[in-house]
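The structure under discussion appears below in the form of structure tokens.
The values are calculated or read from the model by the stated rules, or taken from the named source; none is laboratory data. Keep in mind that this is a model prediction, so the values were computed, not measured. Quick reminder, even Gly has a Cβ in these numbers, built from the backbone with ideal geometry, and neighbours come from all protein chains shown. We work out accessible area using only protein heavy atoms, side chains counted, and drop any ligands, DNA or RNA first. Shrake-Rupley method; radii C 1.70, N 1.55, O 1.52, S 1.80 Å.
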Amino acid sequence: MNGPLKRAINVPSFQERYEAMRREILENPRVQEFIARHADELSYDNIERNLPKLHEFISQSTECCGCDNTEHCTNYLKGFLPTLRVVRNTVEIDYVRCEQKIREEERRDVANMIASMHMPKDVLQATIQDLSIDDESRVMIAQKAAQFVKATKESGHLPSKGFYLYGKFGVGKSFVLGALANELASIKIRSVVVFVPEFLREMKNAIGDNTLNEKIDYIKKAPVLMLDDLGAETMTAWTRDEILGTIFHYRMAEQLPTFITSNFNYGELEHHLAQSQKGDIEVVKAGRIMERIKALTEPIEMRGNNRRM
């Protein structure tokens with residue numbers, strides 16, 4: 001070095017600050033431990049040349065501070081902790097995810113494993129542990145949901161049969177779907193959760209923009225399909241036979257688990273499916289749909305108080 005830079009370095013105040021920083025780095029317990037661990041790889045000159053990297057290391061936290069959001073992290077890379085290693089006699093800094101960053105990414109992964117169509121956010125954030133156990137039917141539902149997840153974990157395969165959850169308005173049937181979807185997401189099983197009345201309306205619009213087949217394929221091929229509030233829609237022969245019939249037939253043939261909620265029991269749903277806007281009663285076609293639903297699901301009545309009042 002020469003010229004102005006050399007003169008600046010030779011200024012006592014600069015030298016003093018440099019020496020103070022050097023002592024701070026080399027006296028740091030984490031740095032001393034690292035140097036001792038790699039004494040056979042790092043010479044005095046190696047250490048001197050890598051003081052800037054060692055300073056970068058000690059200027060940050062090496063333990064997760066436990067903040068509630070990595071946006072509040074004070075490290076250079078938010079949500080990452082610095083670690084030191086030696087590569088060909090030089091010091092390198094790696095950054096690894098902190099515990100909070102891992103938690104946030106796991107939550108994001110879980111959310112990404114659940115695709116929803118027209119479902120409210122509070123339903124999609126539910127867990128089995130949050131399910132209010134104030135009725136024998138709820139105990140059984142929680143147990144069956146837990147058994148479904150356990151069987152999937154133990155076998156590595158999804159059971160082919162889901163639930164047909166029926167009961168009065170507001171007892172929490174949709175909540176069960178969201179809770180189960182989250183439990184499955186935690187073991188990397190993807191679910192598609194659909195509010196049926198809005199979905200069927202969307203299917204009518206899909207005819208005009210040529211996306212009908214694409215959307216039906218997306219629903220019918222879902223690893224786990226959850227249909228919420230079946231029976232609340234205004235039934236037409238087209239939605240029954242071309243949409244619901246196509247979905248249920250494919251899933252029955254492929255043995256893909258399907259979960260359904262409804263205010264109707266099997267018999268009441270069959271009566272609903274037999275009706276059409278034109279006033280026709282089509283018992284045979286309704287019966288055909290019901291055969292598929294019964295093959296795909298186990299009926300469970302959910303009782304309890306209306307939680308929306």
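Worth pointing out:
- In summary, region 178-239 shows an alpha-carbon radius of gyration equal to 1.24 times the 2.2 N^0.38 Å reference for compact globular proteins.
- At most 13 other Cβ within 10 Å, DSSP loop - trypsin sites (Lys or Arg not before Pro), region 167-248: LYS168, LYS188
- Values of log10 I(q)/I(0), in the order q = 0.11, 0.19 Å⁻¹, for region 156-295 under a Debye, Cα-only, solvent-free model: -0.39, -1.19
- The stretch between ARG88 and HIS38 holds 16.8 nm of extra length on full extension. This uses 0.36 nm per residue minus the Cα-Cα distance.
- Inter-site label distance for VAL96 and GLN147 at 7 Å from Cα along Cβ, in nm: 4.2
- Every Cα-Cα pair in region 115-197 was counted, and those over 16 Å apart are 51% of them.
- Over 23 Å apart at the Cα level, from the set LYS121/LYS153; LYS78/LYS121; LYS121/LYS204; LYS101/LYS188; LYS188/LYS220; LYS144/LYS168, are LYS121/LYS153; LYS78/LYS121; LYS121/LYS204.
- Percent carbon-and-sulfur accessible area, the chain, ignoring ligands, DNA and RNA, probe 1.4 Å: 50
- Listed residues ILE114, ILE243 arranged by accessible area, highest first, probe 1.4 Å: ILE114, ILE243
- Neighbourhood charge, 10 Å Cβ-Cβ cut-off, centred on ALA295 and excluding it, Lys, Arg +1 and Asp, Glu -1: +3
- Long-range tail of P(r) for the chain (Cα pairs > 30 Å, %): 53
- Cysteines not pairable in the chain (beta carbon separation under 4.7 Å absent): CYS65, CYS67, CYS73
- Fraction of antiparallel bridges per DSSP, the chain only, in percent to nearest 5: 30
- Note on ASP135 and ILE58: their simple-model spin labels are 6.5 nm apart, each label 7 Å out from Cα toward Cβ.
- The loop-placed trypsin sites (Lys or Arg not before Pro) in region 66-107, going by DSSP, that have at most 10 neighbouring Cβ atoms within 10 Å of their Cβ come out as ARG88.
- Estimated FRET transfer efficiency (ILE281, HIS249; beta-carbon r; R0 22 Å; 0.05): 0.50
- Per DSSP, loop chymotrypsin sites (Phe, Trp or Tyr not before Pro) in region 31-131 with at most 11 further Cβ within 10 Å: none
- Accessible area (Å², per residue) of the chain, counting only protein heavy atoms and a probe of 1.4 Å: 56
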